[in-house]
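In what follows, a structure is listed as structure tokens, so that the remarks can point back to it.
Only the coordinates and a few stated rules stand behind these numbers; no lab work does. Every value quoted in this text rests on a predicted model; they were computed, and no experiment measured them. So basically every Cβ, Gly included, is an ideal-geometry build from the backbone, and we count neighbours across all protein chains shown.
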Amino acid sequence: MNEELLPLIWASFLGLSVALYVVLDGFSLGVGILFPFARDKRTKDTMMRTVLPVWDGNQTWLVGGGAALFAAFPIAFHTLLTALYLPLMVMLLALVLRGAALEFRFKTDNRRPWDIAFAGGAITAAFCQGLVLAAYVQGFGEVAEASAIDGLTLITPFGVFCGISVVTAYAMIGACWLRLKTSGGTRSWASAVITKLVPVVAVSVIAVSLWTPWLVPAIAERWFVWPNIAILSPIPIWTGGLLLALFVTARNLDTADVVPFLLALGVFLLTLTGLAVSIWPYVIPRSLTIWEAAAPANSLMFVLVGVLFVVPVILLYTAHAYYVFRGKVGDNEPGY
Amino acid sequence: MEIEALMLARVQFALALGYHIIFPTFSIGLAAYMAGLRLLEYFTGERQYRKAFDYWLKYFALSFGMGVVSGVVLSYAIGTTFGRFTEVAGAVVGPLMSYEVMTAFFLEAGFLGIMLFGRERVSPLVHLLSTLLVAAGTLLSAFWILSANSWMHTPVGYEIIDGIIHAKDWFAIVFNPSFPYRLAHMVLAAMLSTTFVGAAIGAWYLHHDKHRDFGIQTLRNAVIAASILAPLQIFVGDLHGLNTLEHQPIKVAAMEGHWETGGNVPLLLFALPDQAAEKNHFEIGIPNITSLILTHSLDGEVQGLKSVPPEDRPPVAPVFFSFRVMVGLGLLMLLLAWYGLLLQMRGKLAAAGRYHAVMRFTAPIGFIAMLAGWITTEIGRQPWTVYGLLRTPDAVSQVSADKLITTLILFAVVYTGLFVAFIKVCRMLLHKGPHPDAVKSGIVHDVESAQEPAS
Ligand code: HDD
Ligand code: HEM
Ligand code: HEM
């Protein structure tokens with residue numbers, strides 16, 4: 001296996017981990033974001049039950065992505081974590097609160113603090129991920145420059161906008177998950193939430209898509225020159241199409257409940273593809289390419305063996321777990 | 001980087017790790033016990049195993065959840081606080097951690113849901129297998145992370161190119177010289193600590209005259225397990241020390257508070273090591289015993305701290321004291337376990353009121369010994385992060401002191417709050433006791449619908 005190909009395979013694996021994390025923990029966090037808006041305690045209980053058996057596995061993709069970055073692109077791991085120190089640390093603490101709330105809430109009589117931890121943790125974590133994303137696409141140079149970044153300077157209008165966009169996007173996919181997993185009042189509430197959120201998400205996708213190239217000329221050059229613009233145009237067109245379809249199917253309570261979720265999934269994957277197009281071939285935008293940052297081939301090879309054999313198995317038993325917990329979560333199902 | 005930021009980074013990392021490791025210790029031990037209960041239930045069909053399994057499941061869910069969330073923090077904290085380390089040693093440590101994620105974390109996560117909530121949805125066999133796989137996952141996790149950690153103590157199988165450590169021989173790296181000892185010692189520590197939680201809970205019920213059947217079952221199992229595990233742990237600890245003597249003699253010198261190289265080394269029971277004066281104050285020791293333990297001869301020569309320049313010595317006092325705490329508690333656990341065994345063999349365990357009264361307080365001792373062990377090991381490695389290759393001041397990230405202060409305070413607040421909550425909920429579970437109707441309704445998670453008659 002040559003030195004060109006290995007980093008490429010690793011970058012794809014990293015991309016896969018990030019995508020799976022964003023989609024899977026996206027909906028778990030989304031349920032947390034919608035939590036304060038639920039009508040009553042029963043609905044809240046049901047909402048939490050939909051994610052209880054799967055949230056740990058979902059979140060593990062964050063650890064998987066981190067470990068892959070550490071193993072395959074150690075310099076990038078160092079640079080990224082140094083530059084984004086504050087938002088990442090706050091995000092991790094928020095995830096701590098969110099996770100603890102999931103385990104504690106049903107075991108205590110006083111649920112208020114855990115309600116707050118669950119929703120507050122989810123909202124904060126999602127917002128920080130938006131800040132991280134905004135800073136990341138803009139790039140931050142080498143480690144030395146990165147370490148000089150003051151956490152507060154990341155709170156730019158663009159950063160805040162991305163933060164809010166991630167919160168709403170997660171809320172949207174979370175609502176699609178609830179539509180899939182619940183019945184009765186909760187299901188129709190979730191559908192109404194989706195129809196409210198789709199326009200907001202559409203606007204923020206458009207805004208971010210225009211704002212980013214305006215801030216970063218290199219990204220504008222990637223997208224808005226011939227023939228790229230023609231080759232890449234399916235990405236925005238399909239995103240728009242899927243959002244429209246999502247809006248329509250969510251309103252119609254007779255469509256199969258899995259459809260809105262799949263459409264939202266498509267929207268997420270397309271936007272992530274767009275992101276990949278914008279940053280390619282860098283792992284730290286415009287300062288380190290995946291080849292420059294790659295670990296020695298020997299290390300890449302050692303883990304690749306594991307990736308090729310173990311990851312398919314992981315995907316299989318993860319699918320099995322989702323299959324075991326398929327179907328609707330009843331309002332009073334006790335086993336959860 | 002300036003001293004202040006270095007200290008803050010180390011304190012923060014030590015806090016994050018010290019907090020995290022408490023939960024894995026319990027999860028590893030409890031997962032193994034629960035796997036045993038689940039197996040017994042499957043093959044005998046007896047209700048008592050089901051009842052015990054359901055009882056422990058709640059503690060397990062809490063501990064596991066806390067382990068997971070604090071672990072996620074760690075996997076990134078390593079990069080945020082020890083960034084230079086991740087860059088220099090990433091090619092070796094990164095792959096080991098990746099294997100941990102792939103073989104252990106996903107496995108645990110993939111089957112935890114079924115173990116916790118899936119009983120009514122899968123066949124008993126699948127539930128049994130899920131429980132076994134979760135337990136296996138916790139052990140695999142210990143395998144990989146301890147391999148990585150041991151490699152930092154006894155690095156082998158590498159070459160250094162342009163200041164970056166490259167892996168040369170993966171087999172040698174994974175099975176580095178201190179790894180087998182550290183793995184055995186830590187896994188035993190997890191089991192032993194957990195048995196003392198079991199013993200304490202069992203004793204608590206007996207002491208308060210509640211749930212007597214469950215209490216005696218739990219106490220008996222715990223005492224029997226501990227009376228095997230405690231001596232085993234001491235034996236493995238001794239081997240571990242001999243291995244350390246071979247690879248990190250200065251760490252052992254710090255553990256023993258031993259300054260001058262020479263023979264006839266006494267075993268110090270107490271002393272106040274003085275780093276600046278290069279000697280101890282108020283020594284109380286038993287002559288020649290350290291020589292005997294370490295070299296198996298009364299006048300054997302042991303390398304002293306002064307054989308290396310001061311900048312290559314670890315801080316002696318914390319290593320010296322934490323080592324004594326660990327060993328002292330290890331001996332105490334042996335004593336308590338064997339006394340309990342004696343009572344059991346005489347058929348008096350159920351009625352030994354005074355023993356119950358003492359044992360109900362012993363839940364934390366394993367954890368204190370375990371933390372003391374880690375402090376010995378990690379501070380004893382100083383001033384190195386990767387022994388002999390990378391010094392700690394060269395390993396940290398370039399993060400400024402004010403950022404570190406901010407996050408350190410945030411961490412301290414959140415972690416303290418959660419720990420208090422954890423203890424409170426565990427106490428609540430303790431007071432509630434095993435659920436008499438658990439089998440009928442399969443309720444594990446919902447206190448409201450799982451109300452039990454006042455008992
Ligand atoms: C002896 C065992 C041991 C040690 C020394 C450590 N851990 Fe740990 N860790 C476990 C044993 C464990 C476990 C038993 O597998 C956990 C704890 C409880 C649990 O829920 O899984 C876990 C969970 C856990 C998780 C969450 C996994 C998930 O998402 O499911 C992460 C990311 C880490 N750990 C990372 C670390 C790092 C970076 C460490 C050191 C620097 C570390 N652990 C030390
Ligand atoms: C009583 C006899 C014991 C002896 C002689 C002993 C010996 C040792 C030694 C020599 C080390 C340091 C090894 C190194 O850094 O290279 C160590 C570390 C450690 N000990 Fe012990 N130990 C004993 C009891 C215990 C007990 C009872 C526990 C916990 C329940 C425990 C938990 C640990 C842990 C967690 C570490 C750090 C990890 C490691 O390096 O293995 N030890 N022990
Ligand atoms: C889980 C139990 C562990 C505990 C309680 C523990 C404890 C500590 C403590 C107290 C320090 C600070 C020492 C000092 O700065 O004076 C430290 C440092 C460190 N540990 Fe451990 N440790 C554990 C396991 C690990 C593992 C498994 C790894 C890596 C795979 C690891 C990697 C490090 C690193 C990178 C440092 C910082 C550099 C240094 O100070 O040497 N530790 N740890």
Computed label-point distance, nm, for sites B:Thr416 and B:Asp162 using a 7 Å Cα→Cβ extension: 4.7 nm
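Could you sort out which of A:Lys107/B:Lys210; A:Lys41/B:Lys424; A:Lys107/B:Lys348 sit more than 26 Å apart by Cα distance in this structure?
A:Lys107/B:Lys348
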Taking max minus min of the Cα coordinates of chain A on each principal axis, largest first, gives extents in Å of 55, 41, 40
Based on Cα positions only, what radius of gyration and what Dmax would you give for chain B, in angstroms? 23.4, 69
In degrees between 0 and 90, to the nearest 10, how far off the longest principal axis of chain A does helix A:234-251 point, with axes built from Cα atoms? 10 degrees
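Taking GluC sites (Glu not before Pro) as candidate sites, keep only those in a DSSP loop with at most 12 other Cβ atoms within 10 Å, then name the longest stretch of chain B containing none of them. Kindly include the intermediate steps, with their values, before the conclusion.
Numbers: sites that count: B:Glu2, B:Glu46, B:Glu120, B:Glu448.
Free of exposed loop sites, the longest segment is B:121-447.
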Between B:Phe361 and A:Arg39, what is the spin-label point distance in nm, taking each point 7 Å from the Cα along the Cα→C-beta axis? 5.4 nm
Residue-normalised 222 nm signal for the protein assembly as shown, counting each DSSP H run of n ≥ 4 as -39,500 (n - 2.57), nearest 500 deg cm²/dmol, is -25000 deg cm²/dmol
Let's test the formula: R0 of 35 Å, r as the Cβ-Cβ distance of B:Asp213 and B:Met7. What FRET efficiency results, to the nearest 0.05? 0.10
Size of electric dipole in chain A: Cβ of Lys, Arg +1 and of Asp, Glu -1, about Cα centre, debye, nearest 20: 1200 debye
At R0 = 25 Å the Cβ-Cβ FRET efficiency linking A:Ile164 and A:Arg112, nearest 0.05, sits at 0.45
Exactly which trypsin sites (Lys or Arg not before Pro) in segment A:269-336 are in a DSSP loop and have at most 13 other Cβ atoms within 10 Å? A:Arg326
Rounded to 0.05, the calculated FRET efficiency for the beta carbons of B:Phe175 and B:Asp238 at R₀ = 25 Å is 0.75
Proxy reagent accessibility, fewest Cβ within 10 Å first, across A:Ile284, B:Ile409: B:Ile409, A:Ile284
Quickly work out the A:Val313-to-B:Met428 label distance, labels modelled 7 Å from Cα along the C-beta direction, and quote it in nm with one decimal. 3.9 nm
Set Lys and Arg Cβ to +1 and Asp and Glu Cβ to -1, take the dipole of the protein assembly as shown about its Cα centre, and tell me which of B:Ser397, B:Phe235, A:Ala321 lies farthest positive. A:Ala321
Using per-residue counts of other Cβ atoms within 10 Å, averaged over each peptide, order A:220-226, B:58-64, B:348-354 from highest down. B:58-64, B:348-354, A:220-226
Using Cα atoms only, what is the angle between the long axis of helix A:41-51 and the major principal axis of chain A, expressed in degrees (0 to 90) to the nearest 10? 40 degrees
Given Cα pairs under 8 Å that are at least 6 residues apart, what percent is the relative contact order of chain B? 20 percent
Principal-axis tilt of helix A:297-324 within chain A, Cα atoms, nearest 10 degrees: 10 degrees
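Taking neighbour Cβ counts within 10 Å as the exposure measure, how do B:Thr406, A:Thr271, A:Thr79 sort from fewest upward?
With the fewest neighbours first, B:Thr406, A:Thr271, A:Thr79 line up as B:Thr406, A:Thr271, A:Thr79.
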Counting only other chains, and only Cβ atoms inside 10 Å, what mean value do you get across the residues of B:402-415? 3
Enumerate the lysines that B:Lys306 could reach by cross-link, defined here as Cα to Cα under 28 Å, with residues fewer than 8 away along the same chain left out. B:Lys251, B:Lys279
May I ask you to sort B:Trp56, B:Trp151 by Cβ crowding, counting other Cβ atoms within 10 Å and putting the fewest first? B:Trp56, B:Trp151
Over the Cα atoms of the protein assembly as shown, compute the convex hull volume and normalise it per residue, giving Å³. 159 Å³
Just how large is the dipole of chain B about the Cα centre, in debye to the nearest 20, putting +1 at every Lys and Arg Cβ and -1 at every Asp and Glu Cβ? 1680 debye
